[in-house]
1. Among the numbered criteria (1) surrounded by 14 or more Cβ atoms within 10 Å (Cβ to Cβ); (2) closer than 24 Å to Arg36 by Cα; (3) within 17 Å of the chain's Cα centre (by Cα), which one does Val152 miss?
2. Take the residues in segment 121-140 that are hydrophobic (A, V, I, L, M, F, W, C) and crowded, with 17+ Cβ neighbours inside 10 Å; name whichever of them is farthest from Asp19 (Cα to Cα).
3. Give the residues of segment 69-93 that are surrounded by fewer than 21 Cβ atoms within 10 Å (Cβ to Cβ) and of a type in the set (Val, Ile, Thr), sorted by residue number.
4. Can you pull out every residue in segment 17-63 that is closer than 16 Å to Ala159 by Cβ and of a type in the set (Lys, Arg)?
5. Just to be sure before I move on: is Pro3 farther than 23 Å from Thr115 by Cβ, surrounded by fewer than 17 Cβ atoms within 10 Å (Cβ to Cβ) and in contact with a Lys or Arg (Cβ under 6 Å, 6 or more places away or on another chain) in the structure I sent?
6. Within segment 97-120, can you find the residues that are part of a helix (DSSP H, G or I) and more than 13 Å from Leu17 (Cα to Cα)?
7. How about segment 43-73: which of its residues are within 20 Å of the chain's Cα centre (by Cα) and not in a helix (DSSP H, G or I)?
8. Need the failing condition index for Val103 against (1) of a type outside the set (Asp, Glu); (2) at pLDDT 75 or above; (3) surrounded by fewer than 13 Cβ atoms within 10 Å (Cβ to Cβ), just the number.
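The values are calculated or read from the model by the stated rules, or taken from the named source; none is laboratory data. Predicted model, so just to flag it, every value in this text is computed and none were measured. Don't worry about glycine lacking a Cβ; one is built from the backbone with ideal geometry, like all the others, and counts go over all protein chains shown.
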Amino acid sequence: MAPMNKIAAGLFLTWALSDLEELWTMSRSSRYVLPRLPAVLPIPQRLRRDGVSQRHVSASIAMMGLLIGAASVEGARTQGRSPFFRGVLLAYGLHGFGHLGMVAVARRYVSGALTAPVIVIPYWLWARRELTRQGVAEVDVAAVAVAVAGPVMLMGVHALMYRLMHD
């Protein structure tokens, strides 16, 4: 398999492994985390009180899987040059540090804490090195724009799932 195809496939594979942990733990973890988030964050009271349901987690992970899958295919198709692929890759790597930040704030296990330091971040660092070796800049304005849109998309996915499941 060509190096760029390994990077593209690796994005989907490591995401799938990481999200198995989240599939298994996010609902339970959210019951601890969501009530403790700052009140300024627009989180429905029902979610603050009860956390997210397993159905919500499963559907959200499936939707994100479509996005990650599309980014992986685009990465292979463009040999890593697609801003969409590089932006998703950047957002994915940075999200690993977000999991570690949540652990520090919560002072306990939170969903994603196991796979972030052993799968997500190491894969991302390797992928960055490989892109650089292949002459592809991971970060440019277009990729950063896609990465910045990542958290907005994630919140949108959760908002959509909440709306579909609670209205």
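1. So Val152 meets the others, but not (1).
2. That would be Val136.
3. Val73, Thr78
4. Passing the criteria: Arg46, Arg48, Arg55.
5. On the way: farther than 23 Å from Thr115 by Cβ: yes; surrounded by fewer than 17 Cβ atoms within 10 Å (Cβ to Cβ): yes; in contact with a Lys or Arg (Cβ under 6 Å, 6 or more places away or on another chain): no.
Judged against the criteria, Pro3 is not a match.
6. Initially, segment 97-120 is screened for residues part of a helix (DSSP H, G or I), giving 97-106, 115-120.
Phe97, Gly98, His99, Leu100, Gly101, Met102, Val103, Ala104, Val105, Ala106, listed by residue number.
7. Ile43, Gly51, Val52, Ser53 - these are the residues of segment 43-73 that are within 20 Å of the chain's Cα centre (by Cα) and not in a helix (DSSP H, G or I).
8. (3)
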